[in-house]
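Remarks on the structure that follows.
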């Protein structure tokens, strides 16, 4: 009888260990198992170089959402990003979306600057955008004499 009791305890210990490992994998990998709640907004940029789905969206340095998708706009020669923002965040129709870099060689993220206009409805499009600075082209202009 003691043999079965010991085997049961070891089995439960291993099971709890696997559950903890799975939980940490999901949390540290920033994965979402269920659909996230919030509002979806779109923004069109001339270039989204370096931005990836899953990148953060920040307002005043506070994370408020994620980039869910990036698609090409062939007729306008640009790209459209779709963002999912927390339910508690309300943005206005004069909000400015900018693609920023965290650090010199860090990841790209979207920074939102809220204006003072009227509220933008969920599913709306942010019209004022600023593409990221292409550091590579700036360096090549400086090196090859294109800077005046």
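Worth pointing out:
- Among (1) modelled with pLDDT of 90 or more; (2) assigned to a loop (DSSP other than H, G, I, E, B) - the single one residue 54 does not satisfy: (1)
- You will find that of 122, 97, the residue that is assigned to a strand (DSSP E or B), at negative phi and surrounded by 11 or more Cβ atoms within 10 Å (Cβ to Cβ) is 97 and no other.
- Test: residue in region 86-102 that is touching a strand residue (DSSP E or B) at 6+ places or on another chain (Cβ under 7 Å) and in contact (Cβ under 8 Å) with a residue 60 or more places away in the chain: no
- For region 23-40, the condition of being surrounded by 11 or more Cβ atoms within 10 Å (Cβ to Cβ), touching a strand residue (DSSP E or B) at 6+ places or on another chain (Cβ under 9 Å) and assigned to a strand (DSSP E or B) holds for at least one residue.
The values are calculated or read from the model by the stated rules, or taken from the named source; none is laboratory data. Everything numeric in this text was worked out from a predicted model, so none of it was measured. Every residue, glycine as well, gets a Cβ built from its backbone with ideal geometry; the counts of neighbours run over all protein chains shown.
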